[in-house]
C-alpha cells in the first residue's frame, strides 16, 4: 500500500508536467509545430519541473541516512529547500536578464542584492510560483513517507544529487529557466533547444499555457464551455453624468470642419520600442542633446504632439491602441479577427500595399495572427524572413534595428510606384537595452556614464538617421511621403529606467510623435496644437481625418482636429486611469476592485461596439 501511494504522489507532478505540455501543444496546433519543436519544449519544461523534485529527494535521503527523521526537521528542510530554490532561480533569472555579456556565476554574485531579489519576486513571479502547488504533494512524499524508501542503499542520495545537477544543467541548456533568461542569454542562442523555446515562448505566454502554473486554466479552457461574448449594459443617470465630466460620453469623435485631406503615396510608421519623452533630450533638459541629435532636430522642425500618452502596453497592446483606437487587444484576438477596422485595413481597402516588419521572431506575440489577421496587414516580415539577407546581424532580441530598416527600404523600393504603408517595429531599446557600437564611438555625455539605456538610445538615433538619409538618397522621401515616428509604449519594466529618470513606477507615460514630411506647411497635421492632452487612442481618428479615410464609430479615441483636449485613457495591470481636465479616476477592472460601474460599463460597451453589427 505504501509503495503504491508513494508512486502515486511522486507520479502526480510528472503527470501534471506531461499533461500541461500536451495541452500546450494542442493550443499551438493551429500553427505548424513539428516533432522537434514539441520535443524541445517538453524536454526543457520537464527538466525544470523535475529539478526541485530531484533536489528534495536527495535532501530527504540524506536526512534519512543522517538520522534526522523528526517531522519538524523534515518540514523545515522542505520549506528551506523550496525557499532557497525559488530565490536562486529568480536571482539567476534576474542576473541573466540584466547583464547579458557576463557568465552565469558572476551574474549570480553581482545580482545578489535586496533590490534585485525584490524585482525577481515581483507580483508576476509570485503568481508563477503558484504553479508549483500541484507538485508539493509529490515533494511531501519524499519527507513524510520515509518507511518505503528507508531501505534504499546509501548510494541513493549521491545518485539523486547527481541527477539534480544534471537536470539543472539540462534546464539551463534548454533555456527553460524563464522566458527572459532564454531570450536574453545571447544574440544568437547557443543551443537549438534554447532557440526553439525562444521562438515559441511569446506564443505560449499569449495563450497563458505555461507548464503546471496554468494547467487548471488550460484544462478548463479546453474542456469547459466556449467563452461567451460580453454583454452591453445601460448607464444610470448618475453614471452618465460622471462619464460626461470625464469626456467619455457626449460630443462628437470627429471635427465639424476637418482639414483638406492629403493622399500620401508612401506612409511609413516607425514604432520605437519602449521610448518615453523622459528619454529624449528634446523633452528632458537634464540630458545632453548629443545623445539623440537627429531626433532633436527632427522634433524641432516637424509637426509633432507633445501631450501624447501611452494608452496600453506591452507592445501588441500599444500597437493595437495606435492602429485600431481600442483597448482590449486580448479580447479582440479571441473574438474579433477580421472584424475590427484598423489603420492598415482602411488603407488596404483604399488600394495600399501594407507590410509590417520586425526583427523579432514571428512566434513572439504570434505576429502572423496579430498583424495579418487582426490588423489586416498584407504581409508581415519577421526574423525568419530577414535573417538571410546580406548584412543582417543579431543584437539582443533578434535582428538589429538597422537590419530591419534596411529591409524596409527594400520593400519601399519594390513598391516605389504604388501606394504603400510600411510599419517598422524596433526592439533595441527594450530592457536590458542593446547596442553594437564600441565604447569609443559614443559621445562624451554617454561614455561618461555606465548607462546601457543611453547607449541604446544613441544608437537608436543613429539608426533612425540612417533610415531617414537612405529614404532621401533613394528618392523615397518626397512630397508624397509621410513618415510618422512614435513609440509602441513608454517603458513598462527595466530597473535602469526607474533609477536614471527617478520615475516612481511603470504607469504609462508620455511618448513622442512626429510627422516628418518634405512640405510641413501643407501637411494637414501641422494644424494640430502640439500641447493637446491626448493618448494613443486618438491617433487613428486623427489620421482618418488627415488622410481622408472613412470615419469609424468603433474607435475609443477622438480626432485631435477638434482642437480640444481629449480624455487621457491609460490601462495598466488590469486598471484604467482616465484624466480629463481636473477630473481623474482610477478603476480596477477586476471583480472586487474599486467600485465605479459607469467606467467599467463604458469600457465594455465601447469594446463591444464592433460586435453589435
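Conditions tested, residue by residue: (1) under 30 Å from residue 586 (Cβ atoms); (2) buried (at least 21 other Cβ atoms within 10 Å of the Cβ).
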position	(1), (2)
502	yes, no
515	no, yes
524	no, yes
527	no, no
531	yes, no
534	yes, yes
546	no, yes
549	no, no
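Would you tally the residues in segment 462-497 being without any contact (Cβ under 8 Å) to a residue 12 or more places away in the chain and closer than 25 Å to residue 323 by Cβ?
Taking segment 462-497 and keeping what is without any contact (Cβ under 8 Å) to a residue 12 or more places away in the chain, we get 469, 472-473, 475.
Those still in the list that are closer than 25 Å to residue 323 by Cβ too: none.
Number of matching residues: 0.
Quick one: is residue 446 within 30 Å of residue 351 (Cβ to Cβ) and part of a helix (DSSP H, G or I)?
no
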For segment 415-425, enumerate the residues that are within 21 Å of residue 389 (Cβ to Cβ) and at pLDDT below 95.
415, 416
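Rundown of residues vs (1) exposed (fewer than 15 other Cβ atoms within 10 Å of the Cβ); (2) assigned by TED's automatic domain parsing to the domain that holds residue 501; (3) more than 22 Å from residue 409 (Cβ to Cβ); (4) in contact with a helix residue (DSSP H, G or I) (Cβ under 6 Å, 6 or more places away or on another chain), yes/no style:
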| site | (1), (2), (3), (4) |
| --- | --- |
| 441 | yes, yes, yes, no |
| 445 | no, yes, yes, yes |
| 453 | no, yes, yes, yes |
| 459 | no, yes, no, no |
| 463 | no, yes, no, yes |
| 467 | no, yes, no, yes |
| 471 | no, yes, no, no |
| 481 | no, yes, no, no |
Restrict the check to segment 257-271 and report whether at least one residue is at pLDDT 95 or above, more than 21 Å from residue 402 (Cβ to Cβ) and under 20 Å from the mean Cα position of the chain (by Cα).
no
Could you tell me which residue of segment 248-279 is farthest from residue 311 (Cα to Cα), considering only residues that are in contact with a strand residue (DSSP E or B) (Cβ under 6 Å, 6 or more places away or on another chain) and part of a loop (DSSP other than H, G, I, E, B)?
264
Output the number of residues of segment 421-438 satisfying the condition of being touching a helix residue (DSSP H, G or I) at 6+ places or on another chain (Cβ under 6 Å) and either closer than 30 Å to residue 351 by Cα or outside the structural domain of residue 482 (by TED's automatic domain parsing) (or both).
4
Residues in segment 427-463 that are in contact with a strand residue (DSSP E or B) (Cβ under 7 Å, 6 or more places away or on another chain) and either farther than 28 Å from residue 316 by Cα or modelled with pLDDT of 95 or more (or both): how many?
1
Report whether or not residue 509 is farther than 15 Å from residue 254 by Cβ and more than 28 Å from the chain's Cα centre (by Cα).
no
Out of (1) more than 24 Å from residue 419 (Cα to Cα); (2) in contact with a helix residue (DSSP H, G or I) (Cβ under 7 Å, 6 or more places away or on another chain), what's the single condition that is false for residue 272?
(1)
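The values are calculated or read from the model by the stated rules, or taken from the named source; none is laboratory data. On a predicted model such as this, the values are computed, not experimentally measured, just so you know. Positions of Cβ are backbone-derived with ideal geometry, glycine not excepted, and every protein chain shown enters the neighbour counts.
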